[in-house]
1. Taking the chain as a Gaussian network, where each spring joins two C-alpha atoms under 10 Å apart, which residue of Glu69, Glu172, Glu132 fluctuates the most?
2. Leaving out ligands and nucleic acids, and using a 1.4 Å probe, what accessible area per residue does the chain come to in Å²?
3. Calculated FRET efficiency, Met157 and Arg179, Cβ-Cβ r, R0 30 Å, to nearest 0.05?
4. Using a 1.4 Å probe on the protein heavy atoms only, what accessible surface does Glu9 show? Give it in Å² to the nearest 10.
5. Starting from 0.36 nm per residue, how many nanometres of slack lie between Ala2 and Tyr216 once their C-alpha separation is accounted for?
6. How long is the gain from Asp167 to Asn20 if the chain were fully straight, where each residue apart is worth 0.36 nm and the alpha carbon distance is subtracted?
7. Based on the Cβ-Cβ distance of Asp77 and Leu135, what FRET efficiency does E = 1/(1 + (r/R0)^6) give at R0 = 22 Å, to the nearest 0.05?
8. Could you identify which residue out of Tyr150, Tyr105, Tyr216 has the top mean-square fluctuation in a GNM of the chain using Cα springs shorter than 10 Å?
Amino acid sequence: MAYETIIVEVEDHVATITLNRPDALNALNSHLLSELAQALTEADANDKVRCIILTGSAKAFAAGADIKEMSEKSFVDMFLGDFFQPTVDAAAKVRKPIIAAVSGYALGGGCELAMMCDFIICADNAKFGQPEINLGVIAGIGGTQRLTRYVGKSKSMDMHLTGRFMDAEEAERAGLVSRVVPAKQLMDEVRTAADKIAEKSMIATIAAKQAVNRAYETTLTEGLLFERRVFHSLFGTEDQKEGMAAFQEKRSAQFRDR
Ligand code: HXC
């Protein structure tokens with residue numbers, strides 16, 4: 001499928017989706033958002049794909065929603081258009097892991113998009129922020145909720161109320177990103193992580209993703225019960241037998257998603 005605002009490459013079980021509006025620092029306009037929703041849905045449905053990488057350019061993962069496109073919209077336009085929601089819904093439906101590879105700016109909707117992924121690996125030049133307050137609005141696709149869960153109330157309030165940016169070192173210290181790497185090594189590091197994920201049993205991978213995500217949706221007791229039930233159910237798979245046999249036979253496991 002040919003896209004105009006993103007580039008999609010599938011290589012050895014990994015789909016890489018690159019946001020590609022470099023002149024606008026990958027600002028998220030409605031065309032890009034609909035292409036992104038489609039690419040995520042396609043990658044999830046593609047049996048060859050076992051992990052997805054979402055990235056931008058060296059200068060910007062994405063500098064937010066497209067301010068030029070949004071600026072003249074009315075409440076009714078925004079309410080009835082709800083133009084971000086299909087992408088948010090598409091991302092939420094993806095069962096395979098999505099890694100955000102962030103270099104440069106991840107601001108506003110860009111930061112929110114990164115946080116919709118399963119984890120974020122960033123370059124040492126990354127800058128995260130929710131600067132919507134400077135535009136007279138607030139975050140609109142999860143920033144107030146997700147950033148607060150990632151970094152806690154105090155830092156989240158600071159970011160949303162002052163509009164300041166967080167650098168890579170602070171983002172790692174605060175738990176927003178899982179790793180920081182030198183900018184030149186970002187894609188190699190993310191690719192290595194994606195390849196590692198792609199080697200596992202897809203059944204256990206999806207189960208792990210669902211179980212971690214339950215932590216954000218339910219009580220500890222219910223989350224622990226969900227985890228235990230899923231853990232028990234994995235003993236019904238051939239991949240569990242293969243994984244544990246391979247350990248004992250001191251060889252690497254050959255998972256077959258059964
Ligand atoms: C549209 C954008 C843009 C954006 C940058 N550009 N961000 N266009 N929407 N969000 C465009 C600029 O207009 C410019 O194009 C080109 O990209 C390069 O940007 P510069 O500002 O010249 O670059 P620089 O001086 O390096 O500054 C980089 C920056 C700054 C700090 C990232 O661009 C910036 O502050 N951008 C806006 C960040 C922001 O407020 N994001 C939140 C958006 S609201 P031209 O052609 O003009 O030279 C949001 C809401 C989400 O995300 C909720 C949705 C429901």
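The values are calculated or read from the model by the stated rules, or taken from the named source; none is laboratory data. Just so it is clear, the structure is predicted and the values come from calculations on it, not from any experiment. Reconstructed Cβ throughout: ideal geometry from the backbone, glycine too, with neighbour counts over all protein chains shown. Please note that ligands, DNA and RNA were not included when accessible areas were found on the heavy atoms of the full protein model with its side chains. Shrake-Rupley method; radii C 1.70, N 1.55, O 1.52, S 1.80 Å.
1. It is Glu69.
2. On the way: 13960 Å² over 258 residues.
I get 54 Å² per residue for the chain.
3. 0.70
4. Here the accessible area works out near 100 Å².
5. Stretched out fully, the Ala2 to Tyr216 stretch lengthens by 73.5 nm.
6. Length difference between fully extended and current span is 50.6 nm.
7. On the way: r = 16 Å, r/R0 = 0.72.
Efficiency, from the Cβ-Cβ distance: 0.85.
8. Tyr216
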